[in-house]
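S.K.: First the structure, then my questions, so here it is.
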Amino acid sequence: MQIKKINKQNVKFMRKLTFLLTCLFLVGVGLVNAQSKSVSGKVFSADDGQPIIGATVLVKGTTVGTITDADGSFRISLPGNAKNLIVSYIGQKTAEVEAQNNMVVKLLSEDKLIDEVIVTALGISREKKSLGYAVQDVKSDALNQASQLNVANALQGKVSGVQITQAGGAVGASQRILIRGNSSFNSNDPLIVIDGVPMDGSAGSQYGSDGKGILDTGSGLNDINPNDIENISVLKGGSAALYGMRAGNGVILITTKKGKTSNGKMRINYDGSYTVDNVYHLPNYQNKYGQGYQGSEYYYNAYKNSGAVPTGTSYQDYATGNYTGSSDVGAGYKYVDGTGSGFNDGDDESWGPRLNIGLKIPQYNSPIVNGVRQATDWVSHPNNIKDFFQTGLSQSHDIAFSNSSDNGSYRASIGYRDQKGTVPNTDQERYNIALTGMYNFNKYISSDFSLNYNKVKSDNLMSTGYSSSNPLQSIFQWFGRQVDMKDLKANYTATDPVTGNPYNWIQSFHVNPYYNLYNNTNSYDRDRVISKGSIFFKPTDWLKFEARAGYDFYVDKTFQKTLYSTDDPKGWFRQTLEDRHELNTDFIAYFDKKFGDFSVNALAGANYRDMTWSNSAEGATESNGLTIAGLYTMANVVGSPYTNMSHSHIRSNSVYGNATVGYAGQVYLEASARNDWSSTINNSFFYPSASLSWIPTETFKTLKSDVLSYLKIRGNIAQVGNATTAYRTGIYYVSPTTTSASINGVSQFELPTTLANANLRPESINTKEIGIEAAFLKNRIHLDLAYYNKTTSDQIMTVEVPTSTGYRYSLINAGKVTNKGLELTLSADIVKNTNGFNWTSTLNWSKDKSKVVSLADGLDTYTINSDWSVYNYAKVGESWGTLYGTGFKTDAQGRVIIGSNGLPVTVANKKIGNVTPDWLAGWSNEFSYKNLSFGFLLDFRKGGDFFSETQMFTTYTGLLDYTAAGTIRETGVVVGKDVLTNKVAVLADGTANTKTISADKWFYSYYSNKELDIVDGSYLKLREIHLTYTFPKSIISRTKFIEDAKISLVSSNVAILWLSGNNQAKIDPESSMGSGNTSVGFESNSVPPTRSVGVKINLTF
Amino acid sequence: MAIVLMISSCTSSFDQVNTDPDNPSAKLVPTTNILAYCLRYSADNMFDSWFDLNESDGFSGQIAKWMYNDEGYYSFRPTVNTQSWNVCYYTVSNLQSIINKSTEGSNMWAVATIYQCQIFQVISDRWGNVPYSDALKLGSGVTKPAYDKQSFIYPDLLKRLKAAVKALDVSGDKLGNGDVLLNGDITAWKKYGNSLRLRIAARIANVDPSDAKSTFEEILGDATTYPILASNDDNVFFQWNKEYPEPYADYFLTRPNEYGVSKLMIETLAGANDPRLSVYAKPTVNYTNGVSTTEYAGYQNGLEAAANVAAYSGIGTRFMAVGSLTGFSPWLRSSETYFAISYAASKGWSVGTTQQAAYEKAVTLSIGENGGSASDVSTFLASGGKYDGTQAQLFTQWWISVFKNGMEAWSLFRMSGYPSGNIIAPDSYYPNHNTPPMCYGYPDTERNLNTANCSVEAAAEVDYFWGKQMWWDKRTGLK
């Protein structure tokens, strides 16, 4: 069934493409020329004298070419009066040689660091040696080898100084990309640029019905097909200065694949992958106690001792309230209607009676005889949470056609990806069409263009966050351990015989998770076009003009439906339409000329940018609901409908220039400047930057030895800005948006909560950076080390003011944050043997330390976000993102003080954590032996705390294993002895705590004492594994039409190898709530991470 | 040159580009629509589960939460306190923008002033000394408003109310359709303003008798100039309709088993054979099902343990119409006005009536408000509610009459110590206290952002809720 569907979809797209592709084929055919005589020869490595298999031999000026065979031999036909051959092989320097019979070609190994070309700002390719700043790139192979479905996931662990966090394992979830640490209080998102044109990479998310649940519709980068990407360069600091006010947080520069040839013929490439996805990391649950309240033997005995329960009462009778005693006891569990009419059947916690000891208790699924719910076996269902998840399936198929010649090139690809989530009834499909082309009209005029069409479509995306619309809120945090998930699944379409509402284990607070997923759905559909075209005019060798236009455009539609939920029993819906258009036009003049030993490389340009965005939504309000359940039309809305409409428009103009002067390939001095005029801010702003690159091994040739192959020292100083969003300089009254905008038909207008500021300035980011690049042992070991010092000042802050001022926030320019950091990339060809075993290892390591130097006048605390009374503060003198909340009161020796109630005494507003990791590291290893290659990627994070709402509630509700460890529920706990054993607990007089309290009393304190819910976010993950077999030419050549074939076994998110010991609930530290600044340091009910395992095939024709 | 021209021609459009197309500037907004917002927003958020049901209604001893009763035993959520503070100050801030935009002395100016005084009364009743004369001035650069003492705030409210009511002119400017509280009825606003003066005067009667006395005597000495809320038709109730559901009912819609009437209220009503019992409370489920003979039973508020809900009485449908979106939020009742007059008479002030007559009128109004008949009234006044001249009776009846206005019930209790059965939560989160909360602690935002001003006032707080008695709370022996 799966396969059929794909074929159908692909066929549909094939039809649409037929016309375009036909045109392109015709161009391709025209590129191939006729032929005449032939020569033969052999290609060897100059390093070890071994023959090179698979080297490309091309006739210069033509598209005629071949590939060397198993002993390095080739034979090639020379058309017309062709004389020279171009011989190339990966890792070797390309050679141009005169064609003659029985020729021997020796290829020198490539001097990577000297000759490497890298894509920099505005999409300009530069020699890496001339750059005075840190830029790191990831090539297509490295990006795609584990067949990650999203670009951002594929980048994880591969670039130093870049932290990528996915908002949980839900299908289509967004990711947060952070370069060189958190510094801004607004957004720390980098700018994303595709083929020189900015695209909107922000994550779309909508709030759910109760304003807390979040519908994460994914990051903009999720729209891009990783297989269309040739290269990603990450501009980390000052190198981004040419992008001016949008590049303050660095730039992700994506270069898409361009036309390539296979021996002068059209090249067809197919990439396919098929993976199965499984939730592989769940907390450990207890299976000793079920739903209810005070159901343990601890309470049973305590109440018997106090006389509240008659002494003769059996545990069975106590557990179900079957005795005559104090009416205030109300302990145990008995199901009547699931809303509290029985004994605690409206309580969604697992502090009830003991399981698996033969008790019989009326439960939600017990039969009703003569109107009475019968008592049935009170037993555990150890896998009930695991049973909820299913095996997800993902597949992707991409086919690309390309060709190139001296006159031009093209590439056309279509891609399809389909994901079925690990959460039932969640899915996402993505379709991509990419067309790129380049054509030289004549000696002076050329053009290139690219067009990407992307479609992302989901029938249902799960709501996340703390909301009843998120099924995981119910089953992860508030649940009865005795509940049989399979029973909920089998009966989710049934109706509860007592309440008439959907069948569930409780009728308060929660709805059956399957009912939720199948009836309360969120569909999402997005169409996006990213296009770019340039015309180049090159009057001389050293001068070139470019006119460039880029357009990024999307429309998306979200349709949220609720048939029934306990919070919104009357159902509701909302359709949200959004569109965004961004036009960028640039005129750029390039200058490139040598004057003796001096080279001058310069550009000057101007940019015009116009961005419009609109969003409109209509539907029913949650409180009023619908007339007819399940009919989601405006006519069916009760009372006033929900409507909302908002717009944004930003325009900017910029001029920029850049010049690099090089001396004899040894020293390069570069200067840039940019001036921006933005509609969002009154004044214009100017950013200069300068950098220096010096290669001592060129200046002093004697430095070069067998040990030191290459040394470069670089430094730069740069200023970049961050502008702001539209309409922040004037005061505008607003209308309520969460409920009806009118009351009794009268429009309501209120003051904004933020006092606007007519004199806003852009944020200013100053970076100083020094670095060295070095190669050792004949280029076997490469080192790139950078140290930076970044100061973000004049931040545009919505500073919280006391609301007694009449506003909640004041909009000002203030605040200074410094970030200092180290980035290290170390790669080594540990074993190198052209035709034998090879081992390459790359380590990316980085550390960023931020410090809030100052905030506004008289302000020492700025709230970045808060949730459940845990605050993420920027506090003067501390790093960005210090977590505050209620925590333990300790004495002078750091011992936890226990109060008269046996619980730790707490203090409010205590520093309880910090979100910044100590360091990050990614370590990749690639092994190859003949046709086999193997690689894996480890991803480390040390430190970085987060507030785990899941840990807070899952403990509070008694679901986790440690809430029923040993005999603590039967005999109680002494804090510091039975629990909280990593701390010393003392009474007010300094003596050891000996007060026994019930287990629930202690674990309830996870709700009030937030220090207990701060989790160290350290992890070690096996991020990717791949095992690839490249079919030998000898086999491939027999097929006549296949040029290259590979098959890989791939796995991503393979395993969490280690988590910090204080991560009690075993939460994946990457399960953040979303992808914005506000999500940092907060976790809530995310879908657990998923492990993908599958097969990937790559064929070139 | 071409670039410079391009830039200058394009930047000229920037002002237009950066004008919000969706939201009106201050110039364009009519004051009546801001008024509509203020009236709806304040009623919506000051009579809901967070502001009222969970906390002040529990502190006053009227409502008991049946499960997840953290607030009931004072394990409160700091963010809720912050939000409550914000709700109040957003409202007075929006009212201030009406005051600033309208002509001084106009009806719109007067109505915004009266309503602002009402909200400030609640603010001070809840938190004590608060930013008042220095508040709402961020636009003039005041980022840390100074606090005023209650001894300044209440008398000033009386002054402002007097001036505002005086300015009201039935033939003056129209309020527009934004008066969703009193439908543009200027006379109704006069009655509201005057009765509010009486409420505030009664509040400070023990600490500022001269202001209180002169207020009572002025208003009650000239009924024509100073009309008051005199019948149940005059009650200042925010009436909800389906655009915005009544906040209690809205909450109850999804959580039917969370709140009930307190043990204290049930026992007080039942003990006096009060006809309001069956209106305030519902029979227990066990009684309805024939399982129990106890028709009305109240759960003790302030217990940590969840109630066996079938054994206790829920809140009557007049106050919490489950499944219906209509209902009311009571700002000020005519019965309260007469209890205040009775209280003033008990002090010997000249209020044109006797303590007993005012008391009986107040009780009559309250029973009538709840649908009781004339014979219900006469029976009650002859038996359980028979006038005895005591402050205990006056305040207990007053307390009963303000049902569903937790703030007012809590304040009346703190003024008088009645009903004396309103005990501290049995499972109080904070040991060593002997009375329900005396006030609210200041929200974290004030502590963190207005530290110098707030810390002086907060110094008197003990465990957030105690230590700082209201200026008008003269009870002794409390800790």
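The values are calculated or read from the model by the stated rules, or taken from the named source; none is laboratory data. Model, not experiment: these values are computed from the prediction. Cβ sites come from the backbone with ideal geometry, for glycine too, and all protein chains shown count toward neighbours. Please note that ligands, DNA and RNA were not included when accessible areas were found on the heavy atoms of the full protein model with its side chains. Shrake-Rupley method; radii C 1.70, N 1.55, O 1.52, S 1.80 Å.
S.K.: Mind checking the mean number of beta-carbon atoms from other chains within 10 Å of the Cβ atoms in B:20-32?
M.R.: Working: counts 13, 8, 11, 10, 7, 4, 6, 1, 3, 7, 2, 1, 3.
Partner Cβ neighbours, averaged per residue: 6.
S.K.: Would you tally the net charge around A:Ile897, using a Cβ to Cβ cut-off of less than 14 Å, leaving A:Ile897 out, and scoring K and R as +1, D and E as -1? Write down the numbers at each step before the final one.
M.R.: Numbers: positive: A:Lys889, A:Arg895, A:Lys910, A:Lys983, A:Lys995; negative: A:Asp891, A:Asp989, A:Glu1011.
Around A:Ile897, the surrounding residues sum to +2.
S.K.: Once the cut-off is 21 Å, how many percent of the Cα-Cα pairs in the stretch A:964-1041 end up in the long-distance tail? Can you show the working numbers first?
M.R.: On the way: 1678 of 3003 pairs.
Summing the P(r) of the stretch A:964-1041 above 21 Å gives 56 percent of all pairs.
S.K.: Calculate, for A:Ser854 and A:Phe1031, the FRET efficiency according to 1/(1 + (r/R0)^6) with r their C-beta to C-beta distance and R0 56 Å; round to the nearest 0.05. Could you put the intermediate results ahead of the total?
M.R.: Working: r = 62 Å, r/R0 = 1.11.
Efficiency, rounded to the nearest 0.05: 0.35.
S.K.: Related question: Using the alpha-carbon atoms, what tilt in degrees (0 to 90, nearest 10) does helix B:31-46 show relative to the longest principal axis of chain B?
M.R.: Roughly 40 degrees between the two axes.
S.K.: What angle, in degrees between 0 and 90 and rounded to the nearest 10, separates the Cα long axis of helix B:186-203 from the longest principal axis of the Cα atoms of chain B?
M.R.: 60
S.K.: Take the alpha carbon atoms of the stretch B:21-101, find their radius of gyration, then divide it by 2.2 N^0.38 Å using N residues; give the quotient. Intermediate results must be reported in sequence, preceding the final value.
M.R.: Working: Rg = 16.5 Å, N = 81, 2.2 N^0.38 = 11.7 Å.
With N residues counted in the stretch B:21-101, Rg over 2.2 N^0.38 Å equals 1.41.
S.K.: How much solvent-accessible surface does B:Lys282 expose, in Å² to the nearest 10, with a 1.4 Å probe and all protein chains in place?
M.R.: The accessible area comes out at roughly 70 Å².
S.K.: Given H placed on each backbone N at 1.01 Å, which residues far from B:Trp66 in sequence or on other chains put an amide H within less than 5 Å of it?
M.R.: When sequence neighbours closer than 5 places are left aside, the close amide H contacts are B:Tyr259, B:Gly260.
S.K.: Sort A:Val171, B:Val462 by accessible area with a 1.4 Å probe, largest first.
M.R.: Numbers: A:Val171 15, B:Val462 65 Å².
Accessible-area ranking of A:Val171, B:Val462, largest first: B:Val462, A:Val171.
S.K.: Just from its helices, what would the mean residue ellipticity at 222 nm be for chain A, if runs of 4 or more DSSP H residues each count -39500 (n - 2.57) and the sum is divided by every residue, rounded to the nearest 500 deg cm²/dmol? Mind showing how you got there, number by number?
M.R.: Values: 13 runs with 102 residues, N = 1101.
Theoretical 222 nm ellipticity from helices: -2500 deg cm²/dmol.
S.K.: For chain A, rounded, prolate or oblate, judged on the Cα gyration tensor with a ≥ b ≥ c (square roots of eigenvalues), a/c < 1.5 rounded, else prolate if a/b > b/c?
M.R.: prolate
S.K.: Please report the accessible area of A:Arg969 (heavy atoms, 1.4 Å probe, ligands and nucleic acids excluded) in Å², nearest 10.
M.R.: 10
S.K.: Using the beta-carbon distance between B:Val462 and B:Ala374 and R0 = 51 Å, what value does 1/(1 + (r/R0)^6) give for FRET efficiency, to the nearest 0.05? Please list the in-between numbers first.
M.R.: Details: r = 49 Å, r/R0 = 0.96.
With R0 = 51 Å, the Cβ-Cβ based efficiency is 0.55.
S.K.: Let me check against my output: what whole-number percent is the relative contact order of chain A, with C-alpha pairs under 8 Å and at least 6 apart?
M.R.: Values: 3139 pairs, mean separation 125.5, N = 1101.
The value is 11 percent.
S.K.: Please state the shape class of the stretch B:150-263: rounded when a/c is under 1.5, otherwise prolate if a/b exceeds b/c and oblate if not, all from the C-alpha gyration tensor.
M.R.: Working: a/c = 2.49, a/b = 1.39, b/c = 1.79.
Judged from the Cα gyration tensor, the stretch B:150-263 comes out oblate (a/c at least 1.5, b/c at or above a/b).
S.K.: Let me ask something else about it. Quick check: Cα centre of the stretch A:874-914 to Cα centre of the stretch A:425-449, how many Å?
M.R.: 56
S.K.: Now a separate question. State in Å² the accessible area per residue of the stretch A:276-433; use a 1.4 Å probe, count heavy atoms of protein chains only, and round to the nearest integer.
M.R.: Working: 5210 Å² over 158 residues.
Heavy-atom SASA per residue in the stretch A:276-433 reads 33 Å².
S.K.: Another question about this same structure. If you average the C-alpha positions of the stretch A:950-1027 and of the stretch B:24-83 separately, how far apart do those two centres end up, in angstrom?
M.R.: Spelled out, the Cα-based centre of one part sits 34 Å from the other.
S.K.: Rounded if a/c is under 1.5, else prolate if a/b beats b/c, else oblate: with a ≥ b ≥ c from the C-alpha gyration tensor eigenvalues square-rooted, which is the stretch A:543-590?
M.R.: Working: a/c = 9.12, a/b = 6.90, b/c = 1.32.
Taking the square roots of the gyration eigenvalues as a ≥ b ≥ c, the stretch A:543-590 is prolate.
S.K.: Given the C-alpha centroids of the stretch B:102-180 and the stretch A:482-499, what is the distance between them in whole angstrom?
M.R.: 55
S.K.: Can I ask one more? Which of A:Lys257/A:Lys832; A:Lys334/A:Lys1010; A:Lys129/A:Lys236; A:Lys570/B:Lys263 have a Cα-Cα distance over 26 Å? Could you put the intermediate results ahead of the total?
M.R.: Working: A:Lys257/A:Lys832 29 Å; A:Lys334/A:Lys1010 32 Å; A:Lys129/A:Lys236 17 Å; A:Lys570/B:Lys263 33 Å.
The pairs that break the limit, which is 26 Å between Cα atoms, are A:Lys257/A:Lys832; A:Lys334/A:Lys1010; A:Lys570/B:Lys263.
S.K.: Another question about this same structure. In what order, largest first, do B:Trp50, B:Trp66, A:Trp677, B:Trp109 sit by accessible area if the probe radius is 1.4 Å?
M.R.: Reading off the accessible areas and sorting them downward yields B:Trp50, A:Trp677, B:Trp109, B:Trp66.
S.K.: For chain B, find the longest principal axis of its Cα atoms and tell me its angle to the long axis of helix B:209-220, 0 to 90°, nearest 10.
M.R.: The angle comes out near 90 degrees.
S.K.: Tell me, what is the percent relative contact order of chain B, built from C-alpha pairs under 8 Å that lie six or more residues apart?
M.R.: Numbers: 798 pairs, mean separation 95.7, N = 479.
Across chain B, relative contact order equals 20 percent.
S.K.: I want to check the label-to-label distance for B:Thr293 and A:Ala992. Put each point 7 Å from Cα in the C-beta direction and report it in nm to one decimal.
M.R.: Computed distance between label sites B:Thr293 and A:Ala992 equals 5.7 nm.
S.K.: Then there's this: Let me cross-check B:Leu181: its accessible surface, 1.4 Å probe, with only protein heavy atoms counted, in Å² to the nearest 10?
M.R.: 10
S.K.: Relative contact order of the stretch A:418-504: what whole-number percent is it, with Cα pairs under 8 angstrom and at least 6 residues apart?
M.R.: Details: 96 pairs, mean separation 16.6, N = 87.
About 19 percent, as a whole number.
S.K.: Next question. Find out how many positive minus negative residues lie around A:Phe940, taking Lys and Arg as positive, Asp and Glu as negative, among other residues whose Cβ is under 11 Å from that of A:Phe940. Don't skip to the answer; put the middle values down first.
M.R.: Details: positive: A:Arg941, A:Lys942, A:Lys1021, A:Arg1023; negative: A:Asp918, A:Asp939.
Residues close to A:Phe940 contribute a combined charge of +2.
S.K.: Just add up the charged neighbours of A:Met611: K/R +1, D/E -1, any other residue whose Cβ is under 10 Å from the Cβ of A:Met611. Could the numbers behind the result be given before it?
M.R.: On the way: positive: A:Arg580, A:Arg609, A:Arg651; negative: A:Asp200, A:Asp552, A:Glu582, A:Asp610.
For residues surrounding A:Met611, the net value is -1.
S.K.: Please give the per residue accessible area of the stretch A:523-589, computed with a probe of 1.4 Å over protein heavy atoms only, in Å². Don't jump to the answer; show the numbers that get you there.
M.R.: Numbers: 2440 Å² over 67 residues.
With all protein chains present, the stretch A:523-589 gives 36 Å² per residue.
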